[in-house]
Amino acid sequence: METLWNDLRYGWRMMRRSPGFAAVAVLTLAIGIGANAAIFSIVNGVVLRPLPFPDSSRIVTIWETDANRNVVRGTASPAEFLDWRDMNHAFVELSGWRSLLFTITGSGEAEQVHGSQVSGNFFRMLGAGPTIGRAFSSEEEQPGHERVAVLSYALWQRHFSGDANIIGTSILLDEKPYTVIGILPPSFSLFGVSPEYDVWIPFAFNRAQLNREDHELVIFGRLRPGILLSQSQAEMETITAQLKKQYPGIDQENGVRVSGFHNELIKSLRPSINILLMAVGLVLLIACANVANLMLARAASREREIAVRASLGAGRRRIVRQLLTESAFMALIGGAFGIILAYVGIHVLRGALPPAGGRGQIPHAEWIGIDGAVLCFTVLVSLFAGIVFGLAPAIQVSRLELFESLKEGGRGSTGGRRGRFIQSSLVVSEIAFSLMLLVGAGVLIRSFFLILSDSLGFDPSNVLTMQIFLSEPHYPKAPQVINFYQQVIEHAGALPGVKSASAVNFLPLAGWSGFCDFDIAGRATPTPGEHFTGQYRVADWRYFQTMGISVKEGRDLVASDAPNTQGVALINQALARRYWPNQDPVGQQIRLRFPDTRLPWEPEPREGWLTIVGIAGDVREREWGEQKVGQIYLPYTQNASRIMHLVVRSEGDPTQLASAVQGVVKSIDPNQPATEVRSMQEYLTSSVSHRRLSMLLLALFAAVATLLAAVGIYGVMAYAVTQRSHEIGIRLALGAEPVDVLRMVVGDGMRLAGVGLLIGMGASYAAVHYLASQLYGVKAKDPITVACVAAGLALVAVSACYFPARRATKVDPLVALRYE
């Protein structure tokens with residue numbers, strides 16, 4: 001320990017003796033280590049940290065798959081859920097969950113909140129529950145039981161002022177009384193994103209009234225101890241096969257998929273995180289190569305010191321240990337400054353994260369920060385970096401020839417050919433790594449701008465949206481629903497600054513959609529396992545005009561499409577291509593098939609045959625690169641929907657109209673709130689948020705890597721010029737022109753850069769396939785991007801070589817000749 005302390009003290013004195021060298025080395029390391037610490041804080045907070053439930057690794061989600069609709073995360077019907085719960089042996093608990101909207105009235109201003117309906121054992125399955133009061137019991141699943149509710153802590157504080165006496169009292173949800181039995185803790189969050197679910201109520205399962213067509217439940221389960229995920233998957237497949245035999249009317253093509261709950265939450269983030277981890281790893285290696293080159297150059301001035309120590313009895317192992325201790329000490333100092341950079345970077349990063357409430361949110365983003373795990377990781381990375389950049393110089397210096405180093409007039413010879421080879425190899429690796437990062441950033445940037453330039457099928461500029469949900473007790477009849485929305489649309493359209501107003505049940509890019517099967521007049525009903533299917537949209541007749549969606553054939557929806565007129569529909573081009581590939585669908589008739597039991601977000605559909613009156617252009621619904629989905633547009637006057645989104649196009653900034661439009665809603669019904677107030681531009685931003693974040697961070701790391709590589713080339717060439725100054729002076733004295741010296745030095749540097757570029761191009765072609773899932777409209781192995789990046793990096797290398805070369809042309813020949 002005393003020896004280590006002495007080595008550290010000696011290393012500190014050496015750093016103080018060369019403050020410029022120490023500052024450059026520490027700053028370079030701080031950049032590389034800080035970038036790694038910042039990205040690891042994301043990995044630690046989002047991926048490695050378990051969910052806030054006991055033994056959360058055993059919590060799974062069970063999805064129903066539908067190959068015909070390309071659905072891999074489909075919900076199950078209540079009847080299926082009860083069968084799964086009764087028949088399985090792999091799970092301690094199985095619980096059902098679905099999302100709802102509630103309007104709270106009777107206590108202050110009316111408020112619309114997100115809620116959840118769950119099976120009675122849901123909180124027991126999670127291993128979490130109310131901090132005040134109690135959770136649900138199994139008896140409360142029985143039909144006819146008293147209505148009860150559990151509230152979130154935020155709602156309790158916000159709407160009920162944290163009144164502890166609320167337990168046991170009644171509140172009105174959608175005009176129905178519910179007894180409050182519990183308050184959840186402040187930290188409770190099911191998915192770790194906004195919006196949170198403020199009201200929880202239990203299901204009341206009536207087996208006699210359940211059918212297998214109402215796919216509305218997300219199924220959660222807790223695995224029994226000792227049961228693997230693969231075993232539960234096999235059992236659920238067996239149960240599904242048994243149910244298909246027992247109920248031949250259900251879709252025989254549907255499957256089942258069991259996956260870890262935590263994995264499902266972060267599944268969409270994994271590609272981006274893997275890319276960033278690879279990027280910061282390369283940045284760290286480049287930083288280490290840079291510092292290693294500095295150490296090799298500095299070793300020339302320490303040859304006599306090392307030789308004296310060796311002549312006094314210090315063995316090679318002792319010398320290597322001393323030099324590695326100095327490197328590790330320097331790396332730890334760099335790591336300390338790296339933590340500061342990471343702390344600043346994380347705060348900047350928070351501002352670039354997807355906004356709360358939109359798509360693409362990062363689950364439990366509040367966990368991202370500097371904690372004990374990040375500090376331990378930083379220490380380990382610092383020690384690793386110290387060994388990586390210190391090992392080659394330490395071994396090189398330990399192999400000095402004592403006589404050559406100690407003789408009078410001997411100049412620094414560290415490296416010789418071997419040293420120059422190591423330095424050259426380090427420069428080549430820096431160039432190669434930088435090229436890999438730049439190619440990755442380049443294809444992401446090209447992809448991102450192709451996304452922005454791609455047609456959405458509608459115009460998102462200057463469009464304000466907000467959601468309205470009319471509860472059935474307050475608006476029990478379809479004419480009342482239609483009349484309410486008719487008034488809101490007309491009054492909103494008359495506001496100053498409004499160009500047009502309309503409504504639709506599901507907005508594009510919002511992540512919500514509804515599927516329905518249909519029959520086509522004159523065609524046989526599809527066999528079991530096959531469907532005529534598409535997404536449905538319920539819209540006001542002004543919707544296409546307001547959103548800027550073109551009608552390609554036929555006519556638009558019109559005001560005369562009334563409840564007492566012929567049922568009509570528009571379809572989009574994707575549906576037309578799929579089911580009428582060689583004919584005109586306008587004038588054809590379809591009949592929609594909805595389940596008998598209508599879900600809260602489903603419309604009251606028009607029965608009978610609907611005539612297709614027009615074909616609308618395709619609209620971007622979810623992810624770029626996904627296959628266009630067939631859609632059916634239904635007039636809301638014939639298919640009343642309680643959930644609708646107002647769509648208001650303004651002349652200027654649409655957010656300036658938010659309060660006025662909400663005022664219109666309140667003027668028609670003071671107890672009806674309008675929520676989810678956003679512009680369409682916000683939905684567009686949220687839909688590309690992951691791609692934007694990956695692109696920005698990778699571009700930043702690539703820029704840092706390029707800067708470090710340029711500094712590395714400059715350092716090596718400057719050192720080479722210093723070492724060859726006598727040779728260069730003699731060349732000039734013998735008649736060489738300065739331009740010849742310039743060409744020689746630049747040529748030496750560009751040979752290294754060329755080798756690095758060739759290796760980097762090969763490595764980038766092998767590595768960028770990891771980016772494939774993040775790209776749109778461009779291939780990962782994009783020759784145009786590779787060529788442009790290589791040319792740009794070559795230009796940087798030429799610039800880095802030029803200045804040392806220019807200095808070489810100014811070597812005084814007389815000084816060189818006098819030395820010789």
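The residues of the chain have, on average, 43 Å² of accessible surface per residue, using a 1.4 Å probe with all protein chains present.
Counting Lys and Arg as +1 and Asp and Glu as -1 over every other residue whose Cβ lies under 10 Å from the Cβ of M547, the net charge comes to +1.
Taking 0.36 nm per residue of separation and subtracting the Cα-Cα distance, full extension of the segment from Q246 to S513 would add 93.1 nm.
Computed extension gain for E490 through L707, at 0.36 nm per residue and net of the alpha carbon distance, reaches 72.3 nm. Using C-alpha pairs below 8 Å separated by at least 6 residues, the relative contact order for segment 64-210 is 27 percent. Placing pseudo-labels 7 Å out from each Cα toward the beta carbon at K477 and A208 gives an inter-label distance of 3.0 nm.
Shown is the FRET efficiency for S268 and T565, computed with R0 = 45 Å from the Cβ-Cβ distance and rounded to the nearest 0.05: 0.55.
Extension gain, Y343 to E109: 0.36 nm times the residue separation minus the Cα-Cα distance gives 80.1 nm. Expressed to the nearest 5 percent, the antiparallel share of DSSP beta bridges inside segment 534-631 is 45 percent. Our summary gives segment 666-818 a relative contact order of 41 percent, counting only alpha carbon pairs under 8 angstrom and 6 or more residues apart. For the peptides 681-688, 575-582, the ranking by mean Cβ contacts within 10 Å, running from highest to lowest, is 681-688, 575-582. Can you tally the net charge around G608? Count Lys and Arg as +1, Asp and Glu as -1, for every other residue whose Cβ sits under 15 Å from the Cβ of G608. Counting the neighbours of G608, the net charge comes to -1. Heavy-atom surface analysis with a 1.4 Å probe gives the chain a carbon and sulfur content of 58 percent of its accessible area.
A dipole drawn for the chain from +1 and -1 charges on Cβ atoms has a positive end, and of F515, L793, F81 the residue lying farthest that way is L793.
Between amide H atoms placed 1.01 Å from N, distances below 5 Å from S500 occur with R649, all of them 5 or more places distant or on a separate chain. Mean sequence separation of contacting Cα pairs (under 8 Å, at least six apart), scaled by the length of the chain, corresponds to a relative contact order of 17 percent. Applying the Karplus relation 6.51 cos²θ - 1.76 cosθ + 1.60 with θ = phi - 60° to segment 432-445 yields 3J(HN,Hα) values of 5, 4, 4, 4, 4, 5, 5, 5, x, 5, x, 5, 5, 5 Hz, where x marks Gly and Pro. 3J(HN,Hα) along segment 655-662, derived from phi through the Karplus expression 6.51 cos²θ - 1.76 cosθ + 1.60 where θ = phi - 60°, amounts to 5, 5, 8, 4, 5, 5, 5, 4 Hz, with x in place of Gly and Pro. Coupling constants for segment 459-475 follow from the phi torsions by the Karplus curve (6.51 cos²θ - 1.76 cosθ + 1.60, θ = phi - 60°), and in residue order they are 9, x, 6, 6, 10, 9, 10, 7, 9, 10, 10, 9, 6, 5, x, 7, 10 Hz; glycine and proline get x.
Of the residues Y153, N206, G168, the one whose Cα sits farthest towards the positive end of the charge dipole of segment 143-250 is N206 (charges of +1 on Lys and Arg Cβ, -1 on Asp and Glu Cβ, taken about the Cα centre). Rounded to the nearest 20 debye, the dipole magnitude of segment 121-270 is 480 debye, with +1 charges on Lys and Arg beta carbons, -1 on Asp and Glu beta carbons, and the Cα centre as origin. Taking the chain as the region of interest, the number of lysine pairs whose Cα atoms are within less than 30 Å, with members eight or more places apart or on different chains, is 14. Each part reduced to its alpha carbon centroid, segment 750-770 and segment 66-115 end up 51 Å apart. Using only the Cα atoms, what convex hull volume per residue in Å³ does the chain have? So the per-residue hull volume is 209 Å³. Would you work out if segment 22-135 is rounded, prolate or oblate? Take a ≥ b ≥ c from the square roots of the eigenvalues of the alpha-carbon gyration tensor; rounded if a/c is under 1.5, else prolate when a/b is larger than b/c, oblate otherwise. Prolate, because a/c is 1.5 or more and a/b exceeds b/c.
The values are calculated or read from the model by the stated rules, or taken from the named source; none is laboratory data. Nothing here was measured: the structure is a model prediction, and the numbers come from that model. Here Cβ is always computed from backbone atoms with ideal geometry, including for glycine, and neighbour counts include all displayed protein chains. Note: areas computed on protein heavy atoms with side chains; ligands, DNA, RNA excluded. Shrake-Rupley method; radii C 1.70, N 1.55, O 1.52, S 1.80 Å.
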